[in-house]
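Below you'll find the structure, written out as structure tokens, and then a few comments.
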Amino acid sequence: MNEGGYRKLEIYKMSHELGVRVHRLTLELPKFEMFEEGGQARRSSKSVSSNIVEGYALRKYKNEYLHYLYRAYGSSEETLEHLRYLFETGSMSEKDTYEELSREYKKLNAMMFNYIRFVEQSFDTPAFLKEEEAAYSGDSSNMNLEP
């Protein structure tokens, strides 16, 4: 598998892995919870990595990139809340699983927060986009723009 692009980001790797784990966990919930809180947990957990991917594709634009990174962060926090509901209502009965996932999501949230801060402070247009812009911004004085 290609480890370039967004796949090289630790926040992507971790969020994707956690999304898969939450998906599998929710399929083992009681039937009444599988489509209620379980469905919400599946959607929010997958939204984390999906927003990282979408933001990465738009990283040429700092504000767009940050928008999607913040959405990913919000979805991660939302997933923590769904897991808490599942545990506190007894639908997820394994305390060790709940505590491990909570720790992992809190670690991911800290990593995302730090990455967002890095992008806010150190953003620079990716090199390949600079090269592309330079290729298109040549001298246009010799172009005939009349119909």
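The values are calculated or read from the model by the stated rules, or taken from the named source; none is laboratory data. Computed from a predicted structure; not experimentally measured. Here Cβ is always computed from backbone atoms with ideal geometry, including for glycine, and neighbour counts include all displayed protein chains.
Inside the stretch 57-77, can you point out the residues that are over 8 Å from the mean Cα position of the chain (by Cα), surrounded by fewer than 18 Cβ atoms within 10 Å (Cβ to Cβ) and not in a loop (DSSP other than H, G, I, E, B)?
Within the stretch 57-77, A57, K62, N63, E64, L66, H67, Y70, G74, E77 qualify.
Within the stretch 1-43, take every residue that is part of a helix (DSSP H, G or I) and of a type in the set (G, A, S) and give me the one that is farthest from L101 (Cα to Cα). Working first, answer last.
Of the stretch 1-43, the ones part of a helix (DSSP H, G or I) are 5-8, 10-26, 31-34, 37-43.
Narrowing further to those that are of a type in the set (G, A, S): 5, 15, 19, 38-39, 41.
Numbers: G5: 26, S15: 11, G19: 10, G38: 15, G39: 17, A41: 12 Å.
This residue is G5.
When the residues of the stretch 34-56 are filtered to those that are of a type in the set (A, V, I, L, M, F, W, C) and in contact (Cβ under 8 Å) with a residue 12 or more places away in the chain, which remaining residue is nearest to L18 (Cα to Cα)? Steps first, answer last, please.
Step one: filter the stretch 34-56 for residues of a type in the set (A, V, I, L, M, F, W, C), giving 34-35, 41, 48, 52-53.
With in contact (Cβ under 8 Å) with a residue 12 or more places away in the chain added as a condition, the list becomes 41, 48, 52-53.
Numbers: A41: 11, V48: 9, I52: 14, V53: 15 Å.
Selected residue: V48.
What number of residues in the stretch 109-141 are at pLDDT 95 or above and touching an Asp or Glu at 6+ places or on another chain (Cβ under 9 Å)?
3
Can you pull out the residues in the stretch 61-101 that are in contact (Cβ under 8 Å) with a residue 60 or more places away in the chain, within 14 Å of V48 (Cα to Cα) and basic (K, R)?
None; the set is empty.
Against the condition within 30 Å of T125 (Cβ to Cβ) and modelled with pLDDT of 95 or more, how does L66 come out, does it pass? So that I can check it myself, show each step before the final result.
Working: within 30 Å of T125 (Cβ to Cβ): yes; modelled with pLDDT of 95 or more: yes.
Against the criterion (within 30 Å of T125 (Cβ to Cβ) and modelled with pLDDT of 95 or more), L66 qualifies.
Can you tell me which residues in the stretch 85-112 are surrounded by 14 or more Cβ atoms within 10 Å (Cβ to Cβ), part of a helix (DSSP H, G or I) and not polar (S, T, N, Q)?
Taking the stretch 85-112 and keeping what is surrounded by 14 or more Cβ atoms within 10 Å (Cβ to Cβ), we get 85-87, 91-92, 97-98, 101-102, 104-105, 108-109, 111-112.
Add one more test, that the residue is part of a helix (DSSP H, G or I), and what stays is 85-87, 97-98, 101-102, 104-105, 108-109, 111-112.
Within the stretch 85-112, Y85, L86, F87, Y98, L101, E104, Y105, L108, M111, M112 meet the criteria.
Taking only pairs six or more apart or across chains, which ones have beta-carbon atoms under 9 Å, a first residue in the stretch 107-121 that is charged (D, E, K, R), and a second residue that is in a helix (DSSP H, G or I)?
From the stretch 107-121, the pairs are K107/M14; E120/K62; E120/L66.
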